[in-house]
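What follows is calculated from the coordinates using simple rules that are stated; it is not laboratory data. Small disclaimer: the values here were computed from a predicted structure and weren't measured. In this analysis, Cβ positions are derived from the backbone assuming ideal geometry, glycine residues included, and neighbour counts consider all displayed protein chains.
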Amino acid sequence: GAVVSQHPSWVICKSGTSVKIECRSLDFQATTMFWYRQFPKQSLMLMATSNEGSKATYEQGVEKDKFLINHASLTLSTLTVTSAHPEDSSFYICSAQTGYRSRTYEQYFGPGTRLTVT
Amino acid sequence: QQPVQSPQAVILREGEDAVINCSSSKALYSVHWYRQKHGEAPVFLMILLKGGEQKGHDKISASFNEKKQQSSLYLTASQLSYSGTYFCGTEGSGTSYGKLTFGQGTILTVHP
């Protein structure tokens, strides 16, 4: 089946530093990947849509200069949290969509990255 | 707008059945169902598309009524492994492909 990996799975960083999270589709090509964040006991909130070879589309309220997204290849998207602050601490999850702009697709999630900013 | 799931939580004994509902206020193209265990990523269960369909595998099935903008997930003869939080993700008609809005989740606990 479709497998999506994320790295790292867990990271602690100091306030003001930047953190990069990688999302890879291991056995399929994903022209579209999505980045979500999830606070404890809450639902998944879409942050941005990442399309290979083009700029990411951010949801309302998400600072694009703070959450930099790069979709460099059909199997890799990265999320960089710049100048992280404690309020950025969360569970960040990526998903990858099979197929290209197809509505009969399936969306598979990575294992998530837990970010703690001290 | 976030779809509304009901119930918020349900507790079952092994072998019992459960129904989880997902309701949206806007026209839907598709509904996706996921199960998430604590500290893990959501696991894809199934997708239902516009046209009003039902799907199922093993003892988990779902229906989608596009006219009512509702979907239901049916869990029969529940097993301990069914425990987790179930989310529905909805895709509105006319939105970007794949962009899902998730409900608040339904916590399912199955006891021996």
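Just a few scattered comments:
- Each Cα pair under 8 Å and six or more residues apart adds its separation to the average, and for chain B the resulting relative contact order is 37 percent.
- With R₀ fixed at 35 Å, the C-beta to C-beta distance from B:Glu16 to A:Lys41 puts the FRET efficiency at about 0.90.
- Cross-link partners of A:Lys55 among aspartates and glutamates, defined as those whose alpha carbon lies under 12 angstrom from its own and excluding same-chain residues fewer than eight positions apart, are absent.
- Ignoring aspartates and glutamates fewer than eight residues from B:Lys50 along the same chain, the ones with Cα atoms less than 13 angstrom from its Cα are B:Glu66, B:Glu91.
- Cross-link pairs exceeding 23 Å between alpha carbons, from the set A:Lys64/B:Lys37; B:Lys26/B:Lys99; B:Lys37/B:Lys59: A:Lys64/B:Lys37.
- Bridging of A:Lys41 to aspartates and glutamates at a Cα separation below 14 Å is possible for B:Glu40, once same-chain residues fewer than 8 apart are set aside.
- Label-to-label distance, B:Glu40 versus B:Ser6, with points set 7 angstrom from Cα along the beta-carbon direction: 3.0 nm.
- Neighbouring partner chain Cβ atoms per residue of A:31-40, average, 10 Å criterion: 2
- FRET E, pair A:Ile12, A:Ala72, Förster distance 35 Å, beta-carbon r, rounded to 0.05: 0.85
- Pairwise label distance in nanometres, B:Lys59 with A:Thr116, each label 7 Å out on the Cα-Cβ vector: 3.8
- Counting other Cβ atoms within 10 Å as a rough exposure proxy, the listed residues A:Arg37, A:Arg114, A:Arg24 run A:Arg114, A:Arg24, A:Arg37 from fewest neighbours to most.
- Each Cα pair under 8 Å and six or more residues apart adds its sequence gap; the mean of these over the residue count of chain A is a relative contact order of 36 percent.
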